[in-house]
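Please read the structure below before turning to the comments.
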Amino acid sequence: MRLRSLIDDADAIIVGIGSGMSSTAGFNHYNHAGMTCAGMADWQKAFGFKSLFDGFYHLYPSLEQQWAYYARYIDFMLREPASQPYLDLRSLIGHKDYFILSTNVDTQVEKTFPAERTCNYQGSFAHLQCKQPCCDEIFDASPYVERMLAGMAGFEIRSENVPRCPHCGWQLVPWVRDDTFLQGTAWRKGLERYEHFARERGSSRVLLLELGVGEMTPGIITLPFWSMTAKLPDAHLLSVNISGDSAPLQLGNKAEAIRADLRTLLAAARVTKVFKPPCQSL
Ligand SMILES: [Zn+2]
C-alpha cells in the first residue's frame, strides 16, 4: 500500500484537504442526495433546490426565510459526528508530526483534529461574523442556530432571532469564504500555524498529501504544494483524487498521483501493515 508506506517513511506530513474528502464522507453539498441526507427534502420540495449549496446561495425575499434555511443547514453540519474517512485519516497520521490545511467549511476537520494542527482556510460554518464586518470577532454559531430552530414556523424564523452583530447591530453571516469574508485574527492565526509548521520541517522528509483537492482554487493547496515539493530537498507529493491521476511532470519522481475513492483508500490504508524486510545480518 503506497499511501501507508509514504506515511510511515515521512518525518512530517502536510495534508491538503479539499471538497472530494467531504463528498466521500457523505457531505454532498452539490447534489440532490445531499439534501435528502441532510433531512432537507421539505426545502427541496417547496423551493425546487437541486442541492444544499443551491439553497444557500438562493436570493430569499426575507431574512427570516434566508436564516430559516441557514439554521437548518448549519444545524445539520454541527450535529454530524466526525465521519469515517476523517477518522481513518486520523488513525493513519495521528502518531506522526502532521498539519492539516483544509478548504472545507463543514466542520469535519475541527471535529477530528486538534485546532493547533489545522488551518480552515475558507472559514467554517461553526462560526458567524459581522457582515460589514465592523469587528475582528467570530461568534460560535450553535446558540444562534438553537434559538432560530426553537422559534421556527414553516420556512421562517422569528424576526427577533435573525442573528445580529452585538457591536453594530448589522446582520451576522456564516464565517465562510465570500466577498465579505473576515480574514481577521482567527484566520491569520490558522495561516501562521500552517506556515510555521511548513517552515520548521523544511529540511526533513516531508510528505505533502493532497486529498480530494479540486481545480476550483489551485492557489490555496495545489500550487503551494507543487512549489514546496520542488523547493524542499526531501519532499514528496502524493495526490489522491477520484477524477484523475496525473502528477505534475515538472516534479519528476518527487510527485505521484493515485486515482481512487478516498473512503475506500483510507479505510484500506488504515488496516494495511507495511512489510518491512528484516535487517540483513552481516
Ligand atoms: Zn458589526
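Residues of the stretch 160-185 that are out of contact with any strand residue (DSSP E or B) (no Cβ under 8 Å at 6 or more places or on another chain) and within 18 Å of residue 217 (Cα to Cα): 178, 179, 183. Where helices (runs of 4 or more DSSP H) fall entirely within the stretch 165-277, those with at least 2 residues that are out of contact with any helix residue (DSSP H, G or I) (no Cβ under 7 Å at 6 or more places or on another chain) and among the small types (Gly, Ala, Ser) are at 185-200.
Annotation note: Cβ proximity below 6 Å between a residue of the stretch 28-39 that is in contact (Cβ under 8 Å) with a residue 60 or more places away in the chain and a residue that is surrounded by fewer than 20 Cβ atoms within 10 Å (Cβ to Cβ) (sequence gap 6+ or interchain) occurs for 29/53. Among the residues of the stretch 126-142, at least one is β-branched (Val, Ile, Thr), under 21 Å from the mean Cα position of the chain (by Cα) and either closer than 23 Å to residue 58 by Cα or within 16 Å of the ligand (Cβ to nearest atom) (or both). Of all residues in the stretch 235-254, those that are under 21 Å from the mean Cα position of the chain (by Cα) and modelled with pLDDT of 95 or more total 4. Within the stretch 154-194, which residues are among the charged types (D, E, K, R) and either within 15 Å of the ligand (Cβ to nearest atom) or open to solvent by less than 40 Å² (accessible area, probe 1.4 Å) (or both)? Residue satisfying the conditions is 164 alone. Here residue 87 does not qualify as at pLDDT 95 or above, under 21 Å from residue 149 (Cβ atoms) and aliphatic (A, V, I, L, M). Go through the residues of the stretch 91-103 one by one and say whether even a single one is in the same structural domain as residue 58 (by TED's automatic domain parsing) and away from the ligand (no atom under 16 Å from the Cβ). Within the stretch 91-103, not a single residue is in the same structural domain as residue 58 (by TED's automatic domain parsing) and away from the ligand (no atom under 16 Å from the Cβ).
The values are calculated or read from the model by the stated rules, or taken from the named source; none is laboratory data. Computed from a predicted structure; not experimentally measured. All Cβ positions, even for glycine, are placed from backbone atoms using ideal geometry, and neighbour counts span all protein chains on display. Side chains are part of the model used for accessible areas, which takes the heavy atoms of the whole protein and leaves out ligands, DNA and RNA. Shrake-Rupley method; radii C 1.70, N 1.55, O 1.52, S 1.80 Å.
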